[in-house]
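The block underneath contains the structure these notes are about, expressed in structure tokens.
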Amino acid sequence: MALQISRKSTYMIKPFFPIIFFTGGLFIFSIRVDSYDPAGLGYSDKCEELEKTGKWSLVLKEKRELHATPNEERLRFCYVITYKILK
């Protein structure tokens, strides 16, 4: 049985940050809440745009505690987000 490679697409998430996706695959990433939520930074806007155009669909968006620095006392959160690539 041969492995079939699906069609690939390239999206620009932010300037100078191209990512190549394969149709049917999953794109899983984490991002700090304070970076994703503000609309002015463009991350949440771009994700919504790709959903609305039918290029990918949200599978899971989970908010978790972020433990970036063990000695840091400030509590932060991040999202772990999974999208299924549709086209």
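The values are calculated or read from the model by the stated rules, or taken from the named source; none is laboratory data. For clarity, every value in this text was computed on a predicted model and none was experimentally measured. Here Cβ is always computed from backbone atoms with ideal geometry, including for glycine, and neighbour counts include all displayed protein chains.
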Go through (1) modelled with pLDDT under 75; (2) out of contact with any Pro (no Cβ under 9 Å at 6 or more places or on another chain) one by one and return the number of the condition Met12 breaks. (2)
Only residues that are at pLDDT 90 or above and among the acidic types (Asp, Glu): list them for the stretch 52-87, please. Glu62
